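The values are calculated or read from the model by the stated rules, or taken from the named source; none is laboratory data. Note that this is a predicted model, so its numbers are computed, not measured. Methodologically, a virtual Cβ is constructed for each residue, glycine included, from the backbone with ideal geometry; neighbour enumeration extends over all protein chains shown. These area figures cover heavy atoms from the full protein model, side chains too; ligands, DNA and RNA do not enter into them. Shrake-Rupley method; radii C 1.70, N 1.55, O 1.52, S 1.80 Å.
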Amino acid sequence: MIRRPPRSTLFPYTTLFRSFGCLHTKFSDALIDFGFFLLNIDCVAHSVQVYQVALDIRKCTFGGKNIHVAVAHEDLAYASYVNEYSSGKFQDAQLHADKAMDIMCRLLPADHLLLASSKRVKALILEEIAIDNQDKAIERQQLLEAQELHLSALEMAKKAFGERNVQTAKHYGNLGRLYQSMQRYEEAELMHCKAIKIKEELLGLEDYEVSLSVGHLASLYNYDMNKYDQAKELYLRSIAIGRKLFGDGYSGLEYDYRGLIRVYSMLDDYAKISEYNAVYHHWKHLRDSTEARQTNPLQFDQRPMSVEEIVQQFLAMDQSNVVR
């Protein structure tokens, strides 16, 4: 099953809402953290909803041209990109990415590190829009723009953090995916291998970031380089990590399962095709069941709490943890 936030997880956000009200910057800060949490436990649609509320609060408080507003735009852009990845509907994601970049370029020096993250998000969205474009000239122009953004973000990360850093590895992985879209397959393979090596050294062999890069390399081998045996092993590894971390209904498993079924088709392994078709349909059932049970993550009691009530609730929570 997909891991959903337990009721106790909402306690800090509920408390801040009750204490400060719905338009306080502290509440928006907490929502940004909450959105990140939801995104990383595979509650992507909920994270979009939470990030949108955080952005609305910051716009109301700071106005349109503020760095806090820009960061909220970027967070919402990325969550929207992830949420709509399978649908290809990136208009909202692109809108927020463009606004984030516009504000940051106005307020920050050209080499500011915040711009590296904003460039990365805009490039990811631009690449997906490009590969769906029927006009090849426009597609090439958009892919080249994405490349420029990714290369700039990579250089900024290397300057700030060095080669051996997770942020640098992410940029290598993003370039790998872009070069695959540009049909520069050997360069794509090199970028993915660099990303995997750095992530494994820093995060271990079974980290979420490692599984992402492993899955991307598997896709390259499967769809573009005809290295089916290597792709098979990489898909199986990515699936094992995803299931261990997030459960059998993890959304990211869809692309690994579909890719693995294609690999077995190319290898004429009909028994495995049947086996993983059944696994894939079971996964779809889990996803549908999870989505049917989703509830509003922002259903808070709107009565503000006094300081005494906050302290009492905190102490009661702490005492219940001790008893357990």
Top of 152, 86, 47 by mean-square fluctuation, Gaussian network on the chain, Cα under 10 Å: 86
Cα Rg, Dmax, region 94-167, angstrom units: 13.1, 39
Cα gyration tensor category, rounded, prolate or oblate, for region 223-268 with a/c compared to 1.5: prolate
Residue 24 versus residue 292: modelled label distance in nm, points set 7 Å from Cα along the beta carbon direction: 4.0 nm
Once the Cα gyration tensor of region 175-273 is diagonalised, semi-axes √(5λ) in Å: 20, 19, 10
Cα→Cβ-extended label distance, 7 Å offset, between residue 161 and residue 186, nm: 2.9 nm
Solvent-accessible area of residue 284 with every protein chain in place, 1.4 Å probe, in Å² to the nearest 10: 80 Å²
Extended-chain gain in nm, criterion 0.36 nm per residue less alpha-carbon gap, residue 131 and residue 110: 4.7 nm
Which of 233, 189 is most accessible, then next, and so on - probe 1.4 Å: 233, 189
Selected from 186, 309, 127 as most flexible by GNM, with the chain as the system and alpha-carbon contacts under 10 Å: 309
Calculated Rg and Dmax of the chain using C-alpha coordinates, Å: 21.4, 68
Stretch gain in nm, segment residue 223-residue 95, where the contour uses 0.36 nm per residue and the Cα spacing is subtracted: 43.0 nm
Among 285, 192, 46: highest mean-square fluctuation, GNM of the chain, C-alpha pairs under 10 Å: 285
Reachable lysines from residue 232, criterion Cα separation under 18 angstrom, eight or more residues apart if same chain: 272
Residue-by-residue Karplus 3J(HN,Hα) for region 237-244, coefficients 6.51, -1.76, 1.60, Hz, glycine and proline x: 5, 4, 4, 4, 5, x, 5, 5
Mean accessible surface per residue for region 83-147, computed with a 1.4 Å probe while every protein chain stays in place, in Å²: 53 Å²
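Take every Cα-Cα pair in region 32-77 and report what % of them are more than 12 Å apart. Please list the in-between numbers first.
On the way: 561 of 1035 pairs.
Counting pairs separated by more than 12 Å, the tail of P(r) holds 54 percent.
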Selection from 123, 88, 57 lying farthest towards where the dipole of the chain points positive, charges on Cβ: 57
Whole-angstrom gap from region 158-175 to region 221-235, using each part's C-alpha centre: 25 Å
Derived scalar couplings ³J(HN,Hα) [region 256-270; Karplus, 6.51 cos²θ - 1.76 cosθ + 1.60; whole Hz; x for Gly, Pro]: 5, 5, 5, x, 5, 4, 5, 4, 5, 5, 5, 8, 6, 9, 5
The chain - percent of accessible surface contributed by carbon and sulfur, probe 1.4 Å: 53 percent
Per-residue [θ]222 nm for the chain (sum of -39500 (n - 2.57) over DSSP H runs n ≥ 4, rounded to 500): -26000 deg cm²/dmol
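Counting pairs of alpha carbon atoms under 8 Å apart in space and at least six apart in sequence, what relative contact order in percent does the chain give?
15 percent
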Helix axis angle, 91-107 relative to the chain longest principal axis, alpha carbon, degrees: 70 degrees
Volume per residue that the Cα convex hull of region 38-188 spans, once the total is divided by residue count, Å³: 117 Å³
